[in-house]
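Peer 1: The structure's right below; bear with me while I get my questions together.
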Amino acid sequence: MEDAATWARLRERLLARGRMPALASGWRHQSAMLSAEGFEYGGDFIVADLQASGGLLRTVLVDVCGSGESAVPAALQFAGALESLIQVVPGEELLRDANAYLLRQPSEESIATAVQLDLDLATGRYLIRSAGHPPALVWAAADAHWRIDNARGTALGVSDEPEVHESCGLLGPGDALLFYTDGVVESRSADIDTGIAWLQATAREAYLAGWEGAAQRIIDLVERGDDDRAVLILARD
């Protein structure tokens with residue numbers, strides 16, 4: 001019981017760090033997470049900050065190496081470091097500074113993929129920076145379809161100079177972005193491209209069924225596997 005209580009406290013601390021801020025009128029978000037063992041949180045987490053007097057949302061979705069309870073301590077430490085960095089480091093340096101932090105850690109869980117979003121809440125313009133993360137999906141209200149973004153890059157904590165790929169765009173009324181971790185799209189029986197195609201179709205049905213609970217509906221349809229799962233959706237009304 002003592003161990004269970006300790007893990008519960010760690011997961012609660014990680015959950016508290018990952019709460020998204022309230023956004024300006026006209027924007028909304030939702031997320032869902034589940035660890036490989038079925039706990040509410042594993043090694044996936046979100047860190048977010050409102051900047052420029054609330055006009056810029058900067059958020060990072062992270063997938064730490066490992067899964068379930070074993071990944072929680074490393075994820076909690078990394079989340080704390082990112083929580084500090086995101087408030088003071090320029091956006092173009094954030095993932096590189098996060099990489100430097102991971103390189104200084106001794107554990108096997110010091111490798112992570114990450115995707116950073118800088119979203120201008122006044123205009124809808126966004127910039128995505130990806131370090132080894134699966135590509136984001138972009139919802140165009142005009143054709144009711146999730147298209148694949150092209151930002152990928154290489155994982156953090158592997159080399160001194162990770163590849164950080166960028167993409168940008170503009171969200172109009174009704175448009176949205178969907179971020180997820182590889183546990184949503186990878187399995188032993190299918191490659192990641194097949195998984196992404198599955199997610200495009202599944203997320204379309206979930207999104208058209210209504211905004212409330214869309215992220216959770218996606219998570220619920222993922223086959224149980226040996227990796228953590230996370231989905232984050234940001235939308236413009």
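The values are calculated or read from the model by the stated rules, or taken from the named source; none is laboratory data. Since we're looking at a predicted model, the values are computed, not measured. When we count neighbours, we look across all protein chains shown, and the Cβ atoms used for this are built from the backbone with ideal geometry, even at glycine.
Peer 1: Cβ-Cβ below 8 Å, separation at least six or inter-chain, first residue in the stretch 153-177 and without any contact (Cβ under 8 Å) to a residue 24 or more places away in the chain, second assigned to a strand (DSSP E or B): which pairs?
Peer 2: These pairs meet every condition: THR154/ALA131; THR154/GLY132.
Peer 1: Check off (1) crowded, with 16+ Cβ neighbours inside 10 Å; (2) at positive phi; (3) out of contact with any strand residue (DSSP E or B) (no Cβ under 8 Å at 6 or more places or on another chain) for GLN77 and give me the number that stays unchecked.
Peer 2: (2)
Peer 1: On the basis of being assigned to a strand (DSSP E or B) and either among the hydroxyl-bearing types (Ser, Thr, Tyr) or modelled with pLDDT of 95 or more (or both), does ILE233 make the cut?
Peer 2: yes
Peer 1: Test LEU199 against the criterion of being in contact with a helix residue (DSSP H, G or I) (Cβ under 7 Å, 6 or more places away or on another chain) and outside any helix (DSSP H, G or I), and give yes or no.
Peer 2: Taking the combined requirement at face value, the residue does not satisfy it.
Peer 1: Kindly state which strands (runs of 3 or more DSSP E) lie completely within the stretch 115-188 and contain at least 1 residues that are charged (D, E, K, R).
Peer 2: 125-131, 145-148, 165-170
Matching residues to (1) farther than 22 Å from ALA131 by Cα; (2) modelled with pLDDT under 95; (3) within 15 Å of the chain's Cα centre (by Cα):
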residue: ILE46; (1), (2), (3): no, yes, yes
residue: SER84; (1), (2), (3): no, yes, no
residue: VAL88; (1), (2), (3): no, yes, no
residue: ASN99; (1), (2), (3): no, no, no
residue: GLU109; (1), (2), (3): no, yes, no
residue: ALA112; (1), (2), (3): no, yes, yes
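Peer 1: Check off (1) out of contact with any Phe, Trp or Tyr (no Cβ under 9 Å at 6 or more places or on another chain); (2) more than 30 Å from GLY55 (Cβ to Cβ); (3) touching a residue at least 60 places away in the same chain (Cβ under 8 Å) for THR202 and give me the number that stays unchecked.
Peer 2: With respect to (1) out of contact with any Phe, Trp or Tyr (no Cβ under 9 Å at 6 or more places or on another chain); (2) more than 30 Å from GLY55 (Cβ to Cβ); (3) touching a residue at least 60 places away in the same chain (Cβ under 8 Å), THR202 is out only on (3).
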